[in-house]
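Data first, discussion second: the structure below is written as structure tokens.
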Amino acid sequence: MRKSFLVITLLASSFISRSQMGMRQQNPQLLSQPTQGGLRELFAGPATPEGFAPWLDSMKSWRQKLHDTLQFNNKRYSEPKTAWTKTTFVYAQMMAHDKYFFDRSKGEYTVNKYLDDLEKRYGGLDAVLIWPTYPNIGIDDRNQLDYWKDMPGGLQGIAKMVNDFHKRGVKVFFPIMIWDHGTRKLQWAMAAALLEALKAVGADGLNGDTMSGVTEDYASASDSLNYPTALQPELSVKNINMLAYNQLSWGYFWQYNYSPGVSVYKWFEPQHQVNITNRWMTDKTNDLQYAFFNGIGYNSWENIWGIWNQITERHSSAIRTIRTIYRQFPDVWSSVGWTPHVSVLQKGVFASQFPGAHQTVYTFVNRDSFPK
């Protein structure tokens with residue numbers, strides 16, 4: 001069958017000075033960035049258009065050699081019950097006490113009200129991270145699971161609420177408070193206790209707060225319970241082989257340059273889903289351009305421990321557009337053949353190619369615009 005080609009362009013960025021054009025090498029080079037994890041998360045692009053071919057060869061060689069050395073096993077990405085992670089394009093961390101999420105006067109969860117608001121403003125969600133613990137944990141001896149059970153309706157109420165999200169096609173995550181050691185002791189090891197609770201409420205994934213990769217004991221607990229679970233760390237993984245069981249991650253506080261960086265995790269394992277996270281930023285342009293360039297997702301986090309950082313109408317429109325495009329061509333974004341920094345004619349415009357079985361999609365971002 002003849003392939004068709006689609007060209008898609010995202011919003012232009014604000015002014016970025018020429019001094020930000022550096023840090024591009026022909027060999028794979030990790031870009032400097034603030035991170036608490038063990039591995040930086042961005043590769044620099046080619047230094048010049050003429051350097052694209054050797055740069056791409058070196059990128060492919062790096063990936064193949066590392067796959068071979070680690071004997072990397074990506075079978076979890078093919079697990080039917082967690083294959084949805086590849087299409088988790090828009091994901092939001094939210095607080096359990098959000099007024100759009102729970103009606104105190106009626107004493108009931110209002111999942112539809114919460115999701116209707118987000119659909120109206122920026123097109124909706126693919127997954128949600130519900131946060132019932134920090135910053136309240138520590139005021140008494142309740143542990144993280146006690147905070148789950150103290151949510152309205154207890155675990156039974158949560159299960160019904162999770163089901164309401166599932167009816168709208170939204171997956172549900174809860175956090176791992178790995179630092180929760182000064183409270184009432186859990187009945188079992190933390191991994192086993194949280195996976196047991198997650199299974200009881202029917203939720204889909206765990207986010208490792210402050211974790212440089214969710215550790216393998218959580219994957220083992222998931223296997224032992226025969227309950228496939230998506231794992232997602234907050235910080236950079238200590239070892240890239242952890243991507244074998246961390247199917248998602250946050251692209252957290254990335255350093256942005258004129259030439260877009262390439263996601264190390266997405267390049268290493270194209271089925272891995274990164275959700276760019278930049279919770280305090282008000283201008284989302286860099287976040288969304290980097291996401292679109294890399295074919296990865298975005299964390300639309302607005303309620304930051306009770307501080308409201310609402311997404312503007314302009315950026316809401318961009319999120320809606322990106323998610324619509326992603327959902328229209330869901331399979332191309334995890335293609336092993338995706339190629340960032342394909343050659344373009346226009347200076348300041350950067351493109352990526354995403355080949356599919358019957359269609360190749362090109363995405364473009366303009367990094368060289370000026371305000372009027």
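Sub-7 Å Cβ pairs linking a first residue in region 149-170 that is within 18 Å of M94 (Cα to Cα) to a second residue that is at pLDDT below 95 and loosely packed, with under 15 Cβ neighbours inside 10 Å, at least 6 apart or interchain, are P152/G107, ordered by first then second residue.
When you check L198 against the structure, is it touching a strand residue (DSSP E or B) at 6+ places or on another chain (Cβ under 8 Å), assigned to a helix (DSSP H, G or I) and either crowded, with 19+ Cβ neighbours inside 10 Å or basic (K, R) (or both), yes or no? Yes. The requirement of being farther than 25 Å from L248 by Cβ and surrounded by fewer than 12 Cβ atoms within 10 Å (Cβ to Cβ) is satisfied by T48.
Take region 338-370 and flag every residue that is under 21 Å from Y256 (Cα atoms) and among the aliphatic types (A, V, I, L, M). V342, V344, V349, A351, V365, listed by residue number.
Residues of region 347-364 that are in contact with a Phe, Trp or Tyr (Cβ under 8 Å, 6 or more places away or on another chain) and among the hydrophobic types (A, V, I, L, M, F, W, C): V349, F350, A351, F354, V361, F364. Only one of the listed residues (Y258, Y218) is hydroxyl-bearing (S, T, Y), part of a loop (DSSP other than H, G, I, E, B) and in contact with a helix residue (DSSP H, G or I) (Cβ under 7 Å, 6 or more places away or on another chain). That residue is Y258. Tell me which residues, restricted to region 99-122, are of a type in the set (S, T, Y) and free of Cβ contacts under 8 Å to residues at least 40 places away in the same chain. Y100, S105, T110, Y114 - these are the residues of region 99-122 that are of a type in the set (S, T, Y) and free of Cβ contacts under 8 Å to residues at least 40 places away in the same chain. Taking the residues in region 272-316 that are among the hydroxyl-bearing types (S, T, Y), touching a helix residue (DSSP H, G or I) at 6+ places or on another chain (Cβ under 9 Å) and assigned to a helix (DSSP H, G or I) as candidates, determine which candidate is surrounded by the most Cβ atoms within 10 Å (Cβ to Cβ). Looking at residues that are among the hydroxyl-bearing types (S, T, Y), touching a helix residue (DSSP H, G or I) at 6+ places or on another chain (Cβ under 9 Å) and assigned to a helix (DSSP H, G or I), I get T285.
The values are calculated or read from the model by the stated rules, or taken from the named source; none is laboratory data. Because the structure is a prediction, the values reported are computed rather than measured. Positions of Cβ are generated from backbone atoms using ideal geometry, with glycine treated the same way; all protein chains shown enter the neighbour counts.
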